[in-house]
Ligand code: SF4
């Protein structure tokens, strides 16, 4: 789920895939057009002011249920971990879920993981002749 954040690339990424890829904002965000949350809107994915307790858990569970049906959940979760999205549920991970993973997470590896997940989604989309993949890599 996009929150309007402008991604900042991490420096010194070394990987089997080219660190300059994705080369454009279109490529970077291409997967979001296939997000299941596009049909629901963002309200379920972000906490309203002051939300806590059982109400917060219920909303997050409902958001995670949508993520569980989403074709781009893997790349979405990888993005949120790599760019340390502070808010919202992304790829089935709540804010607390991501916070719990950060201590053991190498930021360079997380960036590589995101790029690899994005590349894998692009390959799947191209095989499926998804016009989004064709447009974003043009
Ligand atoms: S995994 Fe969840 S938050 Fe990410 S695009 Fe899909 S539905 Fe939206």
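Laboratory data are not the source of any read-out in this text; all were calculated from the coordinates shown. Keep in mind that what you see is a predicted model, and the values were worked out from it rather than measured. FYI the Cβ positions are ideal-geometry reconstructions off the backbone, even for glycines, and counts take in every protein chain you see.
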Scaled radius of gyration (Cα, divided by 2.2 N^0.38 Å) that segment 72-138 gives: 1.21
Could I have the simple spin-label model distance between residue 29 and residue 71, label points 7 Å from Cα toward Cβ, reported in nm to one decimal? 2.0
From zero up to wherever the largest Cα-Cα distance of segment 26-136 sits, split into 10 Å bins and tell me the percent of pairs in each. 14, 44, 32, 9, 1
